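*Asks:* Have a look at this one before I ask anything.
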Amino acid sequence: MKLAHVNAMSVGIFSWAALEPSEGRFEFGWLDRTFDLVQKNEAYIVLATPSGSKPAWLSNKYPEACRVLKDGRREPHGFRHNHCYSSPVFREKVAIINQKLAERYGKHPALLLWHISNEYSGECQCGLCRAAFHGWLETRYGSIGALNQAWWTAFWGHNFSEFRQVELHDWSISAAAIDYKRFVTAQTVDFLRHEIAAVRRHSTDVPVTTNLMGMFPGLDYAKLVRELDVVSWDSYPAWKNDADDWKVASDVSMIHDLNRSFKRKPFLLMESAPGTQQWHAVPKLKRPGVQKLEALQAVAHGSDSVQYFQWRKGRGGCEKFHGAVVDHVGHEHTRVFRDIAEIGRTLEKLAPVLGTSVEPEVALIFDWENMWGIEQLSGFNNQAKHYDATCRAHYRELWKRGIAADVIESIADFSHYRLIIAPMLYMLRPGVAERLTEFVKRGGTLVATYVTGVVNETDLCFTGGMPGPLRPLFGIWVEDIDGLYAGETVTVLPTSDSPLGLKGSYSAREFCSIVHAEGATVLANYGSDFHAGNPALTRHQYGSGSAYFVASRNDDRFLSDFQGGLATELGLRRAFPGELPEGVTAQARTDGSREFLFLLNATQKPQRLSAESGFRAKNLLDSTVVGSELELEPYGVLVLERGA
Ligand code: GLA
């Protein structure tokens, strides 16, 4: 581990069967030795609570700890991440083992962080979970009449007279499906709190985290993270070793930003693959440079750690071919080990970056409840909803230009930003329309798209036309949205004064809104089909700010020209004072006086960059001073310190 320059170990994630081999019989000797050895070597431990995997004795004696599946069967013992969140006996057993761990190791000098469980996910349909859902509904709605109204149950005669009549999976009531997902999050959060409370009985000052999985649709992470001291996540990008690798880099950057934005604080990269992931369809080996690019990319976006799954390949089990720092061969003379050791040495040089922040002027809204609303949406274009891909496409236009962004939920604080991009904000949660309106009124710029302002939080359509309560803000009325078949397009033509530098003819696909300007300025019109002449892009001055409405899903060139034009018009801060070639990004962290500039080349080609004249910075990786002409190796990274 010293050779690999590794100084922290995540331990115990699935170790319940080793810690408590039979009910009430505990064996901590192996973990004591691990703690002591790690401490002696001046390293640290991230200690997991072991609920991610139940011991066989527990499932056998207390089958109610196992989940009930959608078909009503109780799941047999096996796999992982599959316990019932309601089961009192499971909660009791978890509390016991968590308390024992906290009591024994809570004050150990090697303990750095609590890692609560592992990758929480899933749901259970047992009687207790059902009753918990009904109780949750009753608390939320107060009366069954209010639920019937909010869910529009009279359609198809689905009116309920009691909460307990509600099924868990009646997707014909879209609001019920969305509420069920909210409940699953609430239930998971409740379980997480239960785990944390048990740890906190004996360990009050060691921070807690749990490892998240990017844009995992099953849980509203924006709610889950409120229970945590530190946000952490597991990142497994599928590098393709082709010309599109920079898009992979941009996509993963967006998730790093999401994790940083949850608390507007540094986060931790809890897991990444040393080498390959055996579960990818084609477990590609990382090309030279990619491992380091991936690691430093996390740091560039605000991670204060680079951690790996796994230290050493096991000989058996389903992950024996998952990348590891130490291969089955058993020595350090492998390309993966050399990569990890080099990253370790590099991180030691980056100590000044630790704890520094990223301060974006731009936020992109990615909202779980909105995602669930769009999942349930039946209308407009059911074949091509692509909410998350649409968010990624908008994000990419910032990444390409080295413009930092937070990725926030729709109910987050907007006061830090000058520009908010809100793709496909189908569902307006309570207060969001008012706060977006206020944001623009005070001088902010807002970008929204097709499929915006359609429903409220229980999926009831706004009356009075789309985009609902945002109609005055955008100065438009969206009469309808046309769905386009795959391959079908409509042209988009900017008005003759080339607003924002838009030029030529663009092409719309999949969604074309029919927009009536009601005070907004039309910046582009459709040029074909019966849409010809209708507005395709509008801007509305509102108070001291502007609200843009992009009425159709357009080609990449449109998005690039539009967001590029907007960035120039607003003078948005760019991390690098110069042009960035395709596939290269720049990201910066700052401690208020010094700035740490990361230049990342996510392409297979070497790249040259020219900064404005007079540019000087210290290369943190080799302590040289660099000027305005810079070179990046294929998949290469530079970390520069400015303003020292
Ligand atoms: C997840 C889990 C790990 C391991 C890795 C494999 O992130 O937390 O236990 O299974 O995936 O990539």
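The values are calculated or read from the model by the stated rules, or taken from the named source; none is laboratory data. Source: prediction; values computed, not measured. FYI the Cβ positions are ideal-geometry reconstructions off the backbone, even for glycines, and counts take in every protein chain you see. Surface accessibility is based on the protein's heavy atoms, side chains included, excluding ligands, DNA and RNA. Shrake-Rupley method; radii C 1.70, N 1.55, O 1.52, S 1.80 Å.
*Asks:* Across all directions of projection, what mean area in square nanometres is found for the Cα convex hull of the chain?
*Replies:* Details: hull surface 120.7 nm².
Averaging across all directions leaves 30.2 nm² for the Cα convex hull.
*Asks:* Using 18 Å as the Cα-Cα cut-off, could you pick out the over-long pairs in K240/K313; K54/K100; K61/K93; K223/K385; K385/K503?
*Replies:* Those over the limit are K240/K313; K223/K385; K385/K503.
*Asks:* Here's a follow-up. Just grab the label-to-label distance for R345 and A281, each label 7 Å out from Cα along the Cβ direction, in nm (one decimal).
*Replies:* 3.8
*Asks:* To continue, here is another question. Nearest 20 debye, what's the magnitude of the dipole of the chain about its Cα centre given +1 on Lys and Arg Cβ and -1 on Asp and Glu Cβ? Display every interim value, and only then the final one.
*Replies:* Numbers: 69 positive and 75 negative charges, 319 e Å.
Here the size comes out at about 1540 debye.
*Asks:* Would you calculate a helix-derived [θ] at 222 nm for the chain, using -39,500 (n - 2.57) for each DSSP H run of n ≥ 4 and dividing by the full residue count, to the nearest 500? Don't skip to the end; give the middle numbers.
*Replies:* Details: 16 runs with 190 residues, N = 644.
Result for the chain, helices only: -9000 deg cm²/dmol.
*Asks:* Let me ask something else about it. Which of the three applies to the stretch 7-77, rounded, prolate or oblate, going by the alpha-carbon gyration tensor with a ≥ b ≥ c and a/c under 1.5 meaning rounded? Show your work: numbers first, answer last.
*Replies:* On the way: a/c = 5.80, a/b = 2.22, b/c = 2.61.
The shape class here is oblate.
*Asks:* Find how many whole Å separate the alpha carbon centroid of the stretch 225-285 from the alpha carbon centroid of the stretch 374-399.
*Replies:* Using only Cα atoms, the two centres lie 20 Å from each other.
*Asks:* Given the stretch 55-132, report the % of alpha carbon pairs whose separation exceeds 19 Å.
*Replies:* Pairs farther apart than 19 Å: 43 percent.
*Asks:* Starting from the Cα of D480, step 7 Å along the direction of its Cβ; do the same at K40; then give the gap between the two resulting points in nm.
*Replies:* Modelled inter-label distance: 7.7 nm.
*Asks:* Still on this model: Report the antiparallel proportion of the DSSP beta bridges in the chain as a percent, rounded to a multiple of 5.
*Replies:* On the way: 53 of 88 bridges.
If I count the DSSP bridges inside the chain, around 60 percent turn out antiparallel.
*Asks:* Moving to a separate point now. Accessible area of the stretch 50-122 with a 1.4 Å probe: how many percent of it is carbon plus sulfur?
*Replies:* 54
*Asks:* Given the Cα-Cα distance of N148 and D413 and 0.36 nm per residue of separation, how much length would full extension add, in nm?
*Replies:* Values: separation 265, 0.36 × 265 = 95.40 nm, distance 3.20 nm.
Difference between extended and current length: 92.2 nm.
*Asks:* Still on this structure: Beyond 15 Å, what share of the Cα-Cα pairs of the stretch 42-83 remains, rounded to the nearest whole percent? Spell out each step's value before the answer.
*Replies:* Details: 400 of 861 pairs.
Every Cα pair in the stretch 42-83 considered, those over 15 Å come to 46 percent.
*Asks:* Which translational diffusion coefficient, to the nearest whole µm²/s, is obtained for the stretch 21-173 from the Stokes-Einstein equation, given a Kirkwood hydrodynamic radius over C-alpha pairs, 4 °C and 1.567 mPa s?
*Replies:* On the way: Rh = 18.5 Å.
It diffuses with D of about 70 µm²/s by this estimate.
*Asks:* A follow-up question, please. Counting Lys and Arg as +1 and Asp and Glu as -1, each charge on the Cβ, what is the dipole of the stretch 340-456 about the Cα centre in debye, to the nearest 20?
*Replies:* Values: 12 positive and 14 negative charges, 71 e Å.
Once rounded to the nearest 20, the dipole reads 340 debye.
*Asks:* Sticking with this one: Which FRET efficiency value, to the nearest 0.05, do you get for R73 and H5 by plugging their Cβ-Cβ distance into 1/(1 + (r/R0)^6) with R0 = 56 Å?
*Replies:* Details: r = 48 Å, r/R0 = 0.86.
My answer for the efficiency is 0.70.
*Asks:* Set the Förster distance to 56 Å, then compute FRET efficiency between V89 and D497 from the Cβ-Cβ distance, nearest 0.05.
*Replies:* On the way: r = 71 Å, r/R0 = 1.26.
Calculated value: 0.20.
*Asks:* Considering the dipole of the stretch 525-635 built from charges on the beta carbon (Lys and Arg +1, Asp and Glu -1) around the Cα centre, which of F576, H540, G627 is farthest to its positive end?
*Replies:* Of F576, H540, G627, it is H540.
*Asks:* Still on this structure, I have one more. Return the carbon/sulfur percentage of the accessible area of the stretch 577-641, one whole number, probe 1.4 Å, all protein chains in place. Numbers along the way, then the final one.
*Replies:* On the way: 1280 of 2990 Å².
Ligands and nucleic acids excluded, carbon and sulfur give 43 percent.
*Asks:* Leaving ligands and nucleic acids out of the surface, order K284, K441, K313 by accessible area at 1.4 Å, largest first. All intermediate terms of the calculation are to be shown ahead of the outcome.
*Replies:* Working: K284 75, K441 105, K313 45 Å².
Result of the area sort, largest leading: K441, K284, K313.
*Asks:* May I pose another question? Considering the options F511, Y62, T356, tell which one lies farthest towards the positive end of the dipole of the chain, charges being +1 on Lys and Arg and -1 on Asp and Glu at the Cβ, about the Cα centre.
*Replies:* The Cα lying farthest towards the positive end belongs to Y62.
*Asks:* Dipole size in debye (nearest 20) for the stretch 495-567 around its Cα centre, Lys and Arg Cβ +1, Asp and Glu Cβ -1?
*Replies:* Numbers: 5 positive and 7 negative charges, 15 e Å.
In total the dipole reaches around 80 debye.
*Asks:* Using 0.36 nm per residue of separation minus the Cα-Cα distance, give me the extension gain between N60 and V625 in nm, one decimal. Provide the component values of the computation, followed by the final result.
*Replies:* Numbers: separation 565, 0.36 × 565 = 203.40 nm, distance 6.43 nm.
Stretched fully, the N60-V625 segment lengthens by 197.0 nm.
*Asks:* Between the stretch 7-62 and the stretch 454-480, how many Å separate their Cα centres?
*Replies:* Answer, in whole Å: 53.
*Asks:* What are the semi-axes of the equivalent ellipsoid of the stretch 143-204, taken as the square roots of 5 times the eigenvalues of the Cα gyration tensor, listed largest first and rounded to whole Å? Working shown, then result.
*Replies:* Numbers: eigenvalues 236, 24, 14 Å².
For the stretch 143-204, the semi-axes come out at 34, 11, 8 Å.
*Asks:* Sticking with this structure for a sec: Over the chain, give the accessible area per residue in Å² for a 1.4 Å probe, as an integer. Kindly include the intermediate steps, with their values, before the conclusion.
*Replies:* On the way: 26020 Å² over 644 residues.
With the other protein chains kept in place, the chain gives 40 Å² per residue.
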